[in-house]
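Chemist: Next up is a structure, given as structure tokens.
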Amino acid sequence: MPYPPPLRAPSGPRRRSLLTSAAGAALLAGCSADPDSAGSGGPSATARARARAARDSRALLERYDAVLASHPGLAERLRPLRAQVAAHAAAFTDGATPTTATPASPSPAPVPAAEKDALAGLAAAERALADRRAKELLEVPGEPARLLASVAAAGAAHAYLLTEAAK
């Protein structure tokens, strides 16, 4: 037995029209603003993280150069690690224009006279930078986060190799 038709037509919007308008509003809201924008017209969080990572890699590269200048006997051991740090700096600046003028990096820490201490200092710098980058992963999305993770892992491996070399 069929149900009898309703006595009067329901007033107001129907459920289907409410769902489609809510979905449309969500799409428009999602497309209207860049989730990465700083809101004040400044650089995005991703751009700031890339600039900071590039600056940190350049500072570490300068530290490698200072150790190599003071201890040329370490060149064979440090050259591959230095090349990777240079590649990391290039990866963070690849295709990106500097968002702000990067301040001149402070002069690298003085290089210890003993090779063993110089290697230990490099290992500590690599470890600290790898730890800082691992924490920054939560602040950036997608591909920049993968790049930070990869470079942080490489930095941790460099710290291990430098620690072993200092023994």
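Derivation of every value follows stated rules applied to the coordinates shown; laboratory data play no part. Note that this is a predicted model, so its numbers are computed, not measured. Please note: Cβ atoms are built from the backbone with ideal geometry, for glycine as well, and neighbour counts cover all protein chains shown.
Chemist: Using θ = phi - 60° and the Karplus form 6.51 cos²θ - 1.76 cosθ + 1.60, what ³J(HN,Hα) does each residue of region 158-167 get, whole Hz, x for Gly and Pro?
Modeler: My calculation for region 158-167 gives 4, 4, 5, 4, 5, 5, 5, 5, 7, 6 Hz in order.
Chemist: Next question. What is the local net charge at residue 163, summed over the other residues whose Cβ is closer than 10 Å to its Cβ (Lys, Arg +1; Asp, Glu -1)?
Modeler: 0
Chemist: Using a 7 Å offset from the Cα along the Cα-to-Cβ direction at both residue 117 and residue 83, what is the distance between the two label points in nm, to one decimal?
Modeler: Each label point is offset 7 Å from its Cα along the Cβ direction, giving 3.1 nm.
Chemist: Apply the Karplus curve 6.51 cos²θ - 1.76 cosθ + 1.60, θ = phi - 60°, to the phi angles in region 53-67 and return the couplings in whole Hz, x for Gly and Pro.
Modeler: Residue by residue, region 53-67 yields 5, 5, 4, 5, 5, 5, 5, 5, 4, 4, 5, 4, 4, 5, 5 Hz.
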